[in-house]
Every structure is written in structure tokens, then in C-alpha cells.
Amino acid sequence: MKKITPHLYQLNLGFVNAFLIEDIVPGPDAADSLAPGFTLVDTGMPGHLPKIFAQLKKAGKDPRDIRRIIVTHAHTDHTGSAAAISKALDIPVWAHADTARLVEQGRPGEASLQVSPGFLNRLIYQLFIRRGGAIDAFNITRRLIDGEILPIGGPGGVKVIYTPGHGAGHLALLLQADRVLIAADICANAFSLDWSTVYEDRELGRQSILKAAAFAFDKAVFGHGRPLTSDASARLSAKFASSASAARSPSH
Ligand SMILES: [Zn+2]
Ligand SMILES: [Zn+2]
């Protein structure tokens with residue numbers, strides 16, 4: 001796994017990423033006294049538990065120090081191993097209420113999907129997404145709310161940003177001390193900064209990108225692709241400022 005900022009690591013699980021938020025010191029808002037440790041954000045596909053634990057161990061971290069899981073949205077490539085990891089470590093899972101409604105029934109989504117422009121998106125959709133894929137159901141023990149601050153990830157905590165559009169209940173997470181956004185699938189940075197492959201409602205997704213980008217952060221990490229390592233909030237705002245500018249193909 002790769003260290004992105006003092007409190008954030010990215011785990012590359014193949015075509016999808018997961019993240020680890022580390023509490024170096026308990027946050028100042030730790031009135032609800034969460035034990036310091038790790039928060040695993042997203043869990044890859046079904047069967048990814050060994051991969052995730054192996055990456056922690058290789059970095060000298062103990063998987064038993066994972067205190068909780070947050071899933072950003074219900075899609076199989078983010079929730080696939082949540083049931084297994086939650087059970088193995090006896091830890092809770094947190095998510096938005098709309099995500100809870102789906103995953104507690106073992107469903108990765110219910111709305112029809114719009115495939116984003118471009119040949120590659122159509123190909124990825126045909127190969128990986130069209131057939132969906134059931135997940136093992138798991139319970140969400142804490143329903144996260146737009147704007148709340150979680151006392152994890154160092155001073156300033158983690159701000160929850162409700163960002164629907166790609167999928168119901170989608171959350172982005174802002175690590176305020178590190179000025180880094182866990183953008184998950186609001187958009188992607190696979191070949192260049194661009195749309196995610198699918199949206200339930202792409203215009204709503206665009207508004208969610210702008211909502212998240214209105215906060216100031218330097219770096220951003222994505223469910224798919226590489227981190228943005230500088231000027232991330234400005235670059236997101238510029239890229240997705242209008243439907244027209246977002247539709248323009250990248251120059252590279
Ligand atoms: Zn997704
Ligand atoms: Zn995804």
C-alpha cells in the first residue's frame with residue numbers, strides 16, 4: 001500500500017482501490033473516545049480480504065488494528081469484502097442510509113445506469129458492470145450524515161460529504177488535517193481526470209463533484225485510477241464546471 005498523506009494510505013486491489021485512514025493521535029473531537037487505529041474505506045471485490053490484510057502486514061501494520069469499515073457506496077467493487085472483513089475482525093461498518101438500505105439486502109444497486117461517453121467506458125461496462133453481482137449482506141451500524149465530522153484521521157477529523165449521482169448514498173470523505181479528499185467514484189483518474197464509467201444520474205453526479213470540490217484540498221484519491229497530487233479541488237472544479245467542459249475529451 002502507498003502512503004498518500006500522513007494519515008492516508010491507498011491499497012491497490014487491481015482495478016479498484018481501497019483506503020486506510022490512520023489515527024496517529026486521537027482527534028481533538030474524540031469525546032466519543034474512539035480507540036486509535038485504522039478505518040478501512042471500501043473493501044474491494046468479494047475475496048479481497050487476503051489481499052487487503054497482506055498489504056497491511058507488508059507495510060508493518062496489524063490488520064487487527066482496523067477498528068471500523070466505511071463503505072463509500074454499495075457497488076460490488078467497493079463492498080465485496082465488507083461482510084467478510086467485518087466478520088473476521090468483529091468490527092462495525094458505517095455508510096450512508098441509502099447505501100445501508102441496499103447492502104443490508106445484499107444488493108449493489110437498483111437504479112438503471114448511464115454509461116459515460118467513450119469506447120473504453122462502453123467496454124468496461126460490458127465486461128465488468130452490466131451483470132452486476134450480488135454481495136454478501138452486512139449490517140450498517142452507523143448511518144453517516146452529510147456534513148458530520150468523524151473523530152478519526154488526526155486533527156480536524158474527517159468531513160462526510162454526501163455526493164449522490166454515481167450511486168445511491170455515495171459519500172466522499174475529506175481528511176481535513178491532510179487536505180486530501182477520498183473522492184471514491186464521484187469521478188475517476190484512470191487515464192486522465194474524467195467521468196466514472198457509469199452514473200445513475202450523471203448531471204447529479206457532476207453537481208456532487210462540484211459540491212466536494214468547493215472544499216479546499218490539495219490531493220484527491222479515487223476508487224479507480226491514480227491520486228491527484230496537487231491543486232486537486234481546483235482541478236476538479238475546472239474539469240467539471242459545466243457539462244460542456246466535462247464532455248470535452250482530455251488532451252493527451
Ligand atoms: Zn461505483
Ligand atoms: Zn468503483
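Observations, loosely collected:
- The listed residues are Arg101, Arg107, Arg64, and the only one of them that is of a type in the set (D, E, K, R) and more than 25 Å from Ile186 (Cα to Cα) turns out to be Arg64.
- Qualifying residue in the stretch 123-144 (condition: basic (Lys, Arg) and within 16 Å of ligand 2 (Cβ to nearest atom)): yes
- Selection status of Val180, more than 13 Å from ligand 2 (Cβ to nearest atom), within 28 Å of Ile24 (Cα to Cα) and open to solvent by less than 40 Å² (accessible area, probe 1.4 Å): yes
- Residue that is nearest to ligand 2 (Cβ to nearest atom) [pool: residues in the stretch 188-202 that are farther than 17 Å from Val221 by Cβ and charged (D, E, K, R)]: Glu200
- Residue check, Asp23 modelled with pLDDT under 95, open to solvent by 10 Å² or more (accessible area, probe 1.4 Å) and either within 16 Å of ligand 2 (Cβ to nearest atom) or out of contact with any His (no Cβ under 9 Å at 6 or more places or on another chain) (or both): no
- Pair list, Cβ under 6 Å, 6 or more apart: the stretch 71-90 residue more than 14 Å from ligand 2 (Cβ to nearest atom), other residue modelled with pLDDT of 95 or more and of a type in the set (S, T, N, Q): Ile85/Thr43
- Qualifying residue in the stretch 193-200 (condition: of a type in the set (Val, Ile, Thr), under 20 Å from Gly154 (Cα atoms), touching a residue at least 60 places away in the same chain (Cβ under 8 Å) and open to solvent by less than 10 Å² (accessible area, probe 1.4 Å)): no
- Only one of Ile209, Ile149 that is touching a residue at least 24 places away in the same chain (Cβ under 8 Å) and either charged (D, E, K, R) or within 16 Å of ligand 1 (Cβ to nearest atom) (or both): Ile209
Per-residue answers, yes or no, for (1) among the aromatic types (Phe, Trp, Tyr); (2) at pLDDT 95 or above; (3) within 16 Å of ligand 2 (Cβ to nearest atom); (4) touching a His at 6+ places or on another chain (Cβ under 8 Å):
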position	(1), (2), (3), (4)
Val158	no, yes, no, no
Tyr162	yes, yes, no, yes
His170	no, yes, yes, yes
Gln176	no, yes, no, no
Leu204	no, yes, no, no
Gln207	no, yes, no, no
Pro227	no, yes, yes, no
Arg235	no, yes, no, no
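- Contacts under 7 angstrom Cβ, first residue in the stretch 29-49 being over 11 Å from Asn17 (Cα atoms) and modelled with pLDDT under 95, partner assigned to a strand (DSSP E or B) and not acidic (Asp, Glu), 6 or more apart: Asp29/Ile149; Leu34/Arg67; Ala35/Arg67; Gly37/Ile66; Gly37/Arg67
- Test for Gly167: is it buried (at least 20 other Cβ atoms within 10 Å of the Cβ) and of a type outside the set (A, V, I, L, M, F, W, C): yes
- Filtering the stretch 3-19 to residues that are open to solvent by 10 Å² or more (accessible area, probe 1.4 Å) and in a loop (DSSP other than H, G, I, E, B) leaves Pro6, His7, Gly14, Phe15.
The values are calculated or read from the model by the stated rules, or taken from the named source; none is laboratory data. All figures in this text were calculated on a predicted structure; none of them were measured in a lab. Here Cβ is always computed from backbone atoms with ideal geometry, including for glycine, and neighbour counts include all displayed protein chains. Side chains are part of the model used for accessible areas, which takes the heavy atoms of the whole protein and leaves out ligands, DNA and RNA. Shrake-Rupley method; radii C 1.70, N 1.55, O 1.52, S 1.80 Å.
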